1. Starting from residues that are of a type in the set (Gly, Ala, Ser) and surrounded by fewer than 18 Cβ atoms within 10 Å (Cβ to Cβ), keep the ones in segment 52-84 and report whichever is nearest to the chain's Cα centre (by Cα).
2. Quick check on segment 103-126. Is at least one of its residues small (Gly, Ala, Ser) and farther than 22 Å from LYS3 by Cβ?
3. Can you name every residue in segment 1-39 that is open to solvent by 60 Å² or more (accessible area, probe 1.4 Å), under 24 Å from GLU91 (Cβ atoms) and of a type in the set (Ser, Thr, Tyr)?
4. Taking only pairs six or more apart or across chains, which ones have beta-carbon atoms under 9 Å, a first residue in segment 81-101 that is of a type in the set (Lys, Arg), and a second residue that is outside any loop (DSSP other than H, G, I, E, B)?
5. Condition first: in a loop (DSSP other than H, G, I, E, B) and either in contact (Cβ under 8 Å) with a residue 60 or more places away in the chain or of a type in the set (S, T, N, Q) (or both). Now tell me which residues in segment 11-37 satisfy that.
6. Within segment 86-111, count every residue that is touching an Asp or Glu at 6+ places or on another chain (Cβ under 9 Å) and polar (S, T, N, Q).
7. Residue pairs, Cβ under 6 Å, 6 or more apart or interchain, first in segment 62-73 and under 13 Å from ALA116 (Cα atoms), second open to solvent by 40 Å² or more (accessible area, probe 1.4 Å) and part of a loop (DSSP other than H, G, I, E, B). List them.
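The values are calculated or read from the model by the stated rules, or taken from the named source; none is laboratory data. This structure is a prediction, so every number in the text was calculated from the model and none was measured. Positions of Cβ are generated from backbone atoms using ideal geometry, with glycine treated the same way; all protein chains shown enter the neighbour counts. These area figures cover heavy atoms from the full protein model, side chains too; ligands, DNA and RNA do not enter into them. Shrake-Rupley method; radii C 1.70, N 1.55, O 1.52, S 1.80 Å.
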Amino acid sequence: MHKKLSVITISTKSYINIINDYFLSTLPDSVDRMKILYLNNMDNVPRNKAADFEIKKLEMIIEEMKINMGHNLFFIDGDVVFSHNGHFKDEVNKMLEEYDLLFQFNDLWYNFGVFAISCTEKTLEFFEHFVNVEMPKCYDNTSL
């Protein structure tokens, strides 16, 4: 089965111009599907509300995984631009044949603004675990 690779960005209203002027204009033609998900009223979220912001993003990711079950998703921050004639689709799909989840690694840390998911029951369960079990712990940790 040929898996589609959908590119998805989750953005707040402050990024609309950046997405329209830069992100979309550099998106390679080979992308099967592009979707922009907007978080309303989430700009300038105070630290004590950051968990709410992250939970909402995870819920949006879970919903997209359910819609795209059996295919692949590539989540990218809206301030990313693609190189001219970029050919990442085949490379990402090939890596997702072996791995369930991919993150960009920047020498010393993982960049959670660029990641890919193989939409399977296993990865769906993993993300649901974060929303239902791990994220509620954030409210109890005042140092986050």
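1. Looking only at segment 52-84, we keep the residues that are of a type in the set (Gly, Ala, Ser), and these are 70, 78, 83.
Add one more test, that the residue is surrounded by fewer than 18 Cβ atoms within 10 Å (Cβ to Cβ), and what stays is 70, 83.
Numbers: GLY70: 17, SER83: 19 Å.
My answer is GLY70.
2. Kept after step one, since they are small (Gly, Ala, Ser), are these residues of segment 103-126: 113, 116, 118.
Checking which are farther than 22 Å from LYS3 by Cβ leaves us with 113.
So far as segment 103-126 goes, yes, one or more of its residues are small (Gly, Ala, Ser) and farther than 22 Å from LYS3 by Cβ.
3. Those that are open to solvent by 60 Å² or more (accessible area, probe 1.4 Å), under 24 Å from GLU91 (Cβ atoms) and of a type in the set (Ser, Thr, Tyr): TYR22, SER25.
4. LYS89/LEU5; LYS89/VAL7; LYS89/PHE74
5. PRO28, SER30
6. The first filter runs over segment 86-111 and keeps only residues touching an Asp or Glu at 6+ places or on another chain (Cβ under 9 Å), leaving 89, 111.
This time we only want the ones that are polar (S, T, N, Q), so: 111.
The qualifying residues number 1.
7. Sorted first by the residue in segment 62-73, then by its partner, the pairs are HIS71/LYS3; HIS71/LYS4; ASN72/LYS3.
For every residue, the table says whether it meets (1) assigned to a helix (DSSP H, G or I); (2) under 22 Å from SER11 (Cβ atoms).
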{"residue": "PHE75", "(1), (2)": "no, yes"}
{"residue": "GLY78", "(1), (2)": "no, yes"}
{"residue": "PHE82", "(1), (2)": "no, yes"}
{"residue": "ASP90", "(1), (2)": "yes, no"}
{"residue": "MET95", "(1), (2)": "yes, no"}
{"residue": "LEU102", "(1), (2)": "no, yes"}
{"residue": "PHE105", "(1), (2)": "no, no"}
{"residue": "VAL114", "(1), (2)": "no, yes"}
{"residue": "ILE117", "(1), (2)": "no, yes"}
